[in-house]
1. With respect to the numbered conditions (1) aromatic (F, W, Y); (2) under 26 Å from the mean Cα position of the chain (by Cα); (3) outside any helix (DSSP H, G or I), which one is the sole condition not fulfilled by Y160?
2. One residue is enough: does region 66-86 have a residue meeting the conditions within 16 Å of ligand 2 (Cβ to nearest atom) and more than 25 Å from A217 (Cα to Cα)?
3. Name the residue, out of A55, A39, A71, A60, that is within 16 Å of ligand 1 (Cβ to nearest atom) and either at pLDDT 85 or above or farther than 22 Å from A134 by Cβ (or both).
4. Which of the residues that make up region 103-145 are farther than 30 Å from K70 by Cα, within 13 Å of ligand 1 (Cβ to nearest atom) and either acidic (D, E) or at pLDDT 75 or above (or both)?
5. Can you run down the residue pairs with Cβ atoms below 8 Å, 6 or more apart or on separate chains, where the first is in region 406-427 and surrounded by fewer than 20 Cβ atoms within 10 Å (Cβ to Cβ) and the partner is of a type in the set (F, W, Y) and at pLDDT 90 or above?
6. Which of the residues spanning region 319-330 are surrounded by fewer than 18 Cβ atoms within 10 Å (Cβ to Cβ) and closer than 22 Å to R225 by Cβ?
7. Consider L437 against the criteria (1) part of a helix (DSSP H, G or I); (2) without any contact (Cβ under 8 Å) to a residue 40 or more places away in the chain: it satisfies all of them except one. Which criterion is unmet?
8. Got at least one residue in region 5-19 being of a type outside the set (F, W, Y), farther than 23 Å from T161 by Cα, touching a residue at least 24 places away in the same chain (Cβ under 8 Å) and surrounded by 20 or more Cβ atoms within 10 Å (Cβ to Cβ)?
Amino acid sequence: SETVERHEFGAEVGRLLDLVVHALYSDREIFLRELVANAADAIDRRRFEALTDPALTMPADGSIRIVPDKAARTITLSDPGIGMTKAELAQNLGTIARSGTRAFTQSLAGAKPEDRPSLIGQFGVGFYSAFMVADRVEVTSRRAGSDEAWTWSSEGAGSYTLAPAERAEPGTTIVLHVKPDAEEFLEPIRLQTIIRKWADHITVPITVAVDGKDEPANEGTALWRKPKSEISEESYTEFYRHLGHVFDQPWATLHWRAEGALDYTALLFIPGMKPFQAVEGERESRVRLHVRRMFITDEANLLPPWLRFVVGVVDTEDLPLNVSREMLQSTPVLARIRRAVTGRVLTELKNRAKDASDYAKFWANFGPVLKEGMWEDAEHRKDLAPLLRFRSSAVPEEKDGGWTSLPDYVSRMKDGQEAIWYLAGDDAEALAASPQLEGFRARGIEVLLLTDQVDAFWPERFEEFEGKKLRSITQGAADLSKFAPEVAEGDEPADLAKLLPALTEALKGEVAEVRATDRLVDSAVVLAASAGGPDLQMQRLLRRAGR
Ligand code: ADP
Ligand code: MG
């Protein structure tokens, strides 16, 4: 007669279980991610082995089934994957194969609470997270290609048992006996929500039983993994809407596969409208990182903050499935992917910018965000500059949405004009009417009108474009004497020799200096900033910020 064998866990496993269960209490829902990831891995392995041994081929309708049972207080997960032999059950679930508990313990102790969940995966102890929600776990498994099935069972303290079992098909069934304080996980809706969050794009169908009926819980297709030719525009749009929680059409869809030095697939969208979040909310990119289809995180900063409006997925083969938060921050793989993906988005913008009215739609939504890169991203400043668009004293609203670019401005510069002139303020209409512009307008010199908050900052860091200095017309004395006014001036030049010192005296403490200017035509006076200090708009913003 066959008997139940009892085995002691190594001392290591006991301590580790204790750690996992107690240190990660607030992130208990990740048990489902870990078990589903294991099931998906097992299915992948079976598919792979079936390539050379057709007898192992998985049934076409193979899925990962999750069945919560409130009466029995159990959650059952089953998969048609590769399965485990008796020896593999003992080896994989009874010992710590990959790295020692000590390293795990130390890392856990040193990690911030929010970093702890990823450590579970990193140390190859994902299975043990089952004990966060269960006080007993039974794993019944039958290795593909074998008739034998075994049940591994443990209460997570000290020992486990192995006993012969029955299983009609190869694969693995895990029964979690849910702890009293984890009853929330017996709710199908709770399980569905976790699956949607963590495993939506696992290609194997995942079902959650609701009232005895298996309901699909994941989308099940990694759209980005399909060849472009097989994806309809509607599918792209649907996926974009799902990812971005929006209902518009994407302005741009970028889908490509990189192979070679870097191996990744990217599917990115530039929204067709401006979501509140992208501009006013957090600055981090939310592009999702997947590793071999499995969702890892949307906090990998796959794009710089000034491209945070881009939504999408990057799926790579170059990272382990159990990548940790630390690794995400330090791995050169991600840095290289980041650079490549950023470059690809910039190329797309450059191409689309050739169609001025099309690009104007993008610019109206995300121009101010893109400009942040001019302020903070030295590496990309040069690439960004030609992509910028501006209102201008010389471009009417009707033309291409009223936008112009630095290259266009430069092509219109007057002979002998050395600077690209701009005027920054809150409102293009007010700027266009500003007395500051008079002298420039009278001489036919174009002035860019910068109306975004960020415009007060970035020109300072971008001193020149194609050798032309970028200068605020409110900053210092603009020497316009070498340009003849294009309109006739009837008035005699006023004799200012006496007036200027008198005004300087009268305004003492209010202004540093009162001087003559050729910047004005109709107005009598205008405020100017000193040449070395911040320009007027910058001063206004600094005042508003209370500095
Ligand atoms: P990891 O997945 O990082 O290897 P886990 O603790 O999650 O670590 O799982 C340990 C091992 O147990 C896996 O490597 C795998 O060999 C085995 N295993 C776990 N779940 C399954 C399953 N559903 N089917 C087959 N093997 C499994
Ligand atoms: Mg695992």
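The values are calculated or read from the model by the stated rules, or taken from the named source; none is laboratory data. Predicted, not measured: the structure shown is a model, and the values here were computed from it. So basically every Cβ, Gly included, is an ideal-geometry build from the backbone, and we count neighbours across all protein chains shown.
1. For Y160, the failing item is (2).
2. Yes: one or more hits.
3. Working: A55 fails: within 16 Å of ligand 1 (Cβ to nearest atom); A71 fails: within 16 Å of ligand 1 (Cβ to nearest atom); A60 fails: within 16 Å of ligand 1 (Cβ to nearest atom).
It is A39.
4. A144, the sole residue that qualifies.
5. Filtered contacts from region 406-427: V410/F465.
6. P320, L321
7. (2)
8. No.
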